[in-house]
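**Student:** Supplied in structure tokens, the structure appears directly below.
The values are calculated or read from the model by the stated rules, or taken from the named source; none is laboratory data. Worth saying up front: this structure is predicted, and the values here are computed from it rather than measured. With ideal geometry, Cβ positions are generated from the backbone for all residues, glycine too; neighbour counts draw on all protein chains shown. Keep in mind that these areas ignore ligands, DNA and RNA; they rest on the heavy atoms of the full protein, side chains included. Shrake-Rupley method; radii C 1.70, N 1.55, O 1.52, S 1.80 Å.
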Amino acid sequence: MNALSVREIFPRKLLHYMTINRKTRNDLVRDLGFKYSTIRDWEKGLTIPRMDKVEKLASYFGCENSDLIEEKEKP
């Protein structure tokens, strides 16, 4: 089994939490003060957020930091 990098995991997880919480890029810009282009780059995997931004996102979505940056094994 090959380990996925945060750069591969984070975009998928971000889109997942945005979808289940019915949030758009514009919602994150408005609610969290992130730049639109920054969120777009995260979604495309071009960049990854610093931990302080991951913490802000996790709090916003009501999940753990690790839920956004780690691939959890299913039991």
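**Student:** Output the number of the condition that Asp27 fails; it satisfies all remaining conditions of (1) of a type outside the set (A, V, I, L, M); (2) in contact (Cβ under 8 Å) with a residue 12 or more places away in the chain; (3) open to solvent by less than 30 Å² (accessible area, probe 1.4 Å).
**Tutor:** (2)
**Student:** Then there is this: Given (1) touching a Ser or Thr at 6+ places or on another chain (Cβ under 9 Å); (2) open to solvent by less than 50 Å² (accessible area, probe 1.4 Å); (3) assigned to a helix (DSSP H, G or I), where does Pro49 come up short, assuming only one miss?
**Tutor:** Going through the list (1) touching a Ser or Thr at 6+ places or on another chain (Cβ under 9 Å); (2) open to solvent by less than 50 Å² (accessible area, probe 1.4 Å); (3) assigned to a helix (DSSP H, G or I), Pro49 breaks only (3).
**Student:** Quick check on the range 52-75: of everything there that is over 20 Å from Ile20 (Cβ atoms) and either part of a loop (DSSP other than H, G, I, E, B) or among the hydroxyl-bearing types (Ser, Thr, Tyr) (or both), which residue is least open to solvent (accessible area, probe 1.4 Å)?
**Tutor:** Per the stated criteria, the residue is Glu73.
**Student:** List pairs: first residue in the range 38-55 and modelled with pLDDT of 95 or more, second residue among the polar types (S, T, N, Q) and open to solvent by less than 70 Å² (accessible area, probe 1.4 Å) anywhere in the structure, Cβ distance under 6 angstrom, at least six positions apart or on different chains.
**Tutor:** From residues that are modelled with pLDDT of 95 or more, the pairs are Asp41/Thr47; Val54/Asn65; Glu55/Asn65.
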